[in-house]
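Have a look at the structure below, then the notes.
What follows draws every value from the coordinates through simple rules; no lab data is involved. This structure is a prediction, so every number in the text was calculated from the model and none was measured. Glycine gets a Cβ as well: all are built from the backbone with ideal geometry, and neighbour counts include every protein chain shown.
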Amino acid sequence: MYFRRAALLFERSTVPAFVFLPLPIIIAPMKLLLARHGQSEWQVKTADGDLNPPLTALGESQAHRLGEYLAADGDPITAIIASPYQRARRTAEIVASYLGLPVAIEPDFREFDEWAAGWAPLAVSMWDMSPATPELKPGYSRFRTRVAAALRRVVESFDGADQLLLVTHAGTIGAQVRILFGSDTPRLWLNNTGLSLFEWGHPEREGSWVVHYLNRVEHLPTPMRTA
């Protein structure tokens, strides 16, 4: 049932830039487990290079550790959705081999790539999280619109799923978290294969997204933790 509807993920978004679509009201409980890819070749280079680099040997090992960890967890995953970039796709494939699941690709979960056009706004102050500059930069606005539309498609396509694993990028996860928070100013520090868990329909917090944790890396020994 879920994977038949997953074909919708391959449709390109027709949402115009600068339009923010909130997630739909979800009737059934759902968990979104957000995972960053393993270490990529770009992270160990001193100069900018390929925007679609492969995993390093360490990145592959991190992905295997994540797969083992999730396979041993008592909270089963219904489906895995990944960015098309090879560092995220390969991480998802390795994890999927431990869970016995296919990997669906969502093209609009790819990483942010418009740095010259501006990033997310800063907060007014440490006590006021509203944007210091209310008008969003064009690059970030387009990115947020793209990720929001993709997140909405995924949630709607897998309606009724217990838990989805989304394997993407630091920038993409940051946007996903800001969308779920309803604020554009939070910043996250995310390790490779770090996990963040959100839940809709928690019995004590119905009608809102509940954050269980951000950037969990207990599956990695300290020497394997990179960012």
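One table, with the values for the structure above:
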item	result
Segment 81-151: proportion of alpha-carbon pairs further apart than 15 angstrom, %	64 percent
Kyte-Doolittle mean at least -0.5 and Cα axial length at least 27 Å: DSSP H helices in the chain	138-157
Taking the C-alpha atoms of the chain, convex hull volume expressed per residue in Å³	136 Å³
Separation between Cα centres of segment 139-158 and segment 74-109, rounded to whole Å	17 Å
Choice from PRO131, PRO84, PRO203 showing the highest fluctuation, given a GNM over the chain with Cα pairs closer than 10 Å	PRO203
Cα gyration tensor shape for segment 39-127, rounded if a/c is under 1.5, else prolate or oblate	prolate
Residue with peak Gaussian network fluctuation, the chain [Cα springs, cutoff 10 Å], from THR56, THR133, THR78	THR133
Sites excluded, trypsin sites (Lys or Arg not before Pro) in DSSP loops with at most 15 other C-beta within 10 Å, longest stretch of the chain	46-186
Paired Rg and Dmax values of segment 171-227, which use every Cα atom, in angstrom	13.0, 40
ALA72 versus SER97: modelled label distance in nm, points set 7 Å from Cα along the beta carbon direction	1.9 nm
Segment 99-227 shape via C-alpha gyration tensor axes, a/c threshold 1.5	rounded
